[in-house]
Each structure stands twice: as structure tokens, then as C-alpha cells.
Amino acid sequence: MNKTSDNPRVIVALDFPDGEQARQFVARLTPGTCRLKIGKELFTREGPTLVRAFVEQGHDVFLDLKFHDIPNTVAQACSAAASLGAWMINVHTSGGLKMMAAAREALDASADQRPLLIGVTVLTSMSAEDLRETGIDVTPEQQVLRLAALAQKAGLDGVVCSPREASVLRDRFGSGFTLVTPGVRPQGAALDDQTRVMTPGAAVRDGAHYLVIGRPVTRAADPVAALAAINAEIQAAIA
Ligand code: C5P
């Protein structure tokens with residue numbers, strides 16, 4: 001077993017096509033060695049049952065549904081996610097200050113333990129040209145900073161960001177503002193379709209709190225050993 005601490009930094013992205021494969025994979029993991037991310041594909045196929053099952057097994061679940069709608073609808077969706085026992089949830093910061101504040105208020109009012117509320121700023125798939133086409137004439141970097149500031153003002157706990165943005169965001173918003181970073185690859189691991197990656201050690205040294213890592217763990221010949229190696233690298237970096 002490779003229990004890291006009470007605060008595992010790795011969130012394993014469960015990008016499996018169906019619940020059975022996800023269940024079989026998760027059965028190999030010990031809660032406390034990582035957290036789990038369920039995204040739109042798996043949630044749409046399997047629904048809340050899978051979230052509840054993993055929570056009941058003692059896993060922390062990041063429900064990555066990126067809510068974006070009118071404030072009341074997002075607030076209700078956040079309450080519903082909290083009632084499933086999600087540990088972390090997220091909303092699109094481009095939904096605006098009122099939407100984010102409504103999400104935060106709904107979570108504060110819910111009887112359940114409040115999940116961490118994280119904002120998505122600019123999707124890394126969006127180029128400057130893509131932003132311009134939607135009427136946003138600043139660079140993606142400027143827009144990330146603008147939206148992250150709005151998220152902090154609305155009471156969000158942090159944002160999802162590229163590991164390359166982590167040090168700038170940490171310096172601007174402080175170490176209490178949670179940074180969740182995908183795009184992480186251990187040294188020598190396959191990049192898959194990620195282009196600008198950082199190692200787990202470098203990402204946490206730059207201020208990332210949680211690292212979303214999928215294929216380097218889920219497709220490893222020995223996922224438990226792959227996770228243990230990543231956890232060891234993180235521990236060495238923050239020691
Ligand atoms: O397998 P891999 O480590 O690339 O998985 C990364 C996870 O993080 C996937 O679930 C992917 O959808 C998600 N993600 C990402 N880049 C973003 C936002 C989310 O890779 N900018």
C-alpha cells in the first residue's frame with residue numbers, strides 16, 4: 001500500500017467508457033492514495049450510482065461536470081452534487097460572478113459537508129483566435145487571470161489551470177487559492193495527446209495543490225505501482 005498522507009494530491013481521471021471498467025480499476029486502489037475524477041462521459045452513462053458507490057468505499061470524488069447555466073440552475077445542481085457526497089465540484093467561471101456566488105451560497109446552505117468549489121477558466125483547447133470568435137479580444141493568459149480573479153471574488157476555492165499557469169496564479173491569488181492541474185506527466189511517460197506537460201514534482205513545486213492524472217495511471221501495466229511512484233515524487237518535491 002502507498003498511503004501518502006491525509007492529503008493525497010493525485011486525482012486519477014477515470015476516463016473509462018463504462019462503469020464496469022471504472023469499478024474494476026477502482027477496486028485496485030486504496031482510498032487515501034489518490035482521489036478520483038468522474039467526468040461528463042462516465043457520469044452521463046452511469047449516473048449518480050457510481051459516484052455514491054465510490055464515496056461509500058471511502059474515496060474522495062471530484063465530480064467534473066463543469067456547470068454553466070443561470071445562477072438558480074447551477075446552484076441547484078451544486079446542491080445535488082453535494083448531496084451525492086462529492087469532495088470537489090466545478091463550474092465555468094465564464095458563467096459570471098452571480099452564477100458563481102449562487103453556487104457558493106447553495107453549498108454553504110446544504111446540510112452535507114461542503115465540497116470544494118473550483119472554477120474552470122479558459123479551456124486549454126481554446127486559442128486566442130477561438131476566443132476572438134466569441135467576442136473576447138484579450139489573450140488566453142489575460143482572460144485566465146481575469147476569470148480567476150472573478151472566481152476568488154465570488155468565493156470559489158480555486159481554479160483548474162495548466163501547470164504552466166500555476167506559479168503566476170499562486171503569486172497573484174495566494175497559496176490558499178486551490179490550483180488543480182491536468183497536463184501532468186512523469187518523466188519519460190507517454191504524452192498521449194497532451195502537448196505542454198509538467199512533471200508531478202515540478203507542478204507541486206510551482207504551487208499546484210492537486211494533479212489530475214489519467215492515462216499514466218489508468219493505462220499502466222501496474223497502476224498501483226505507477227501511482228506510488230508519482231506519490232513518491234510529489235512527497236520528495238514538497239518535503
Ligand atoms: O490521461 P490524462 O492524464 O491526459 O488525463 C487528463 C484529464 O484531465 C482528462 O480527464 C482530461 O479531460 C482532463 N483535462 C485536461 N486538460 C484540461 C482540462 C481537463 O487534460 N485543460
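The values are calculated or read from the model by the stated rules, or taken from the named source; none is laboratory data. Computed from a prediction, not measured in an experiment: that's the story for all the values here. Cβ placement follows ideal geometry from the backbone for every residue including glycine, while neighbour counts extend to all protein chains displayed.
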*asked:* Looking at Thr178, Thr218, Thr195, can you tell me which residue is in contact with a His (Cβ under 7 Å, 6 or more places away or on another chain) and either at pLDDT below 95 or of a type in the set (Ser, Thr, Tyr) (or both)?
replied: Thr178
*Could you grab me the full set of residues in the stretch 19-30 that are within 16 Å of the ligand (Cβ to nearest atom) and assigned to a loop (DSSP other than H, G, I, E, B)?*
Leu29
*Confirm whether Asp137 is closer than 24 Å to Ala77 by Cα and not hydrophobic (A, V, I, L, M, F, W, C).*
no
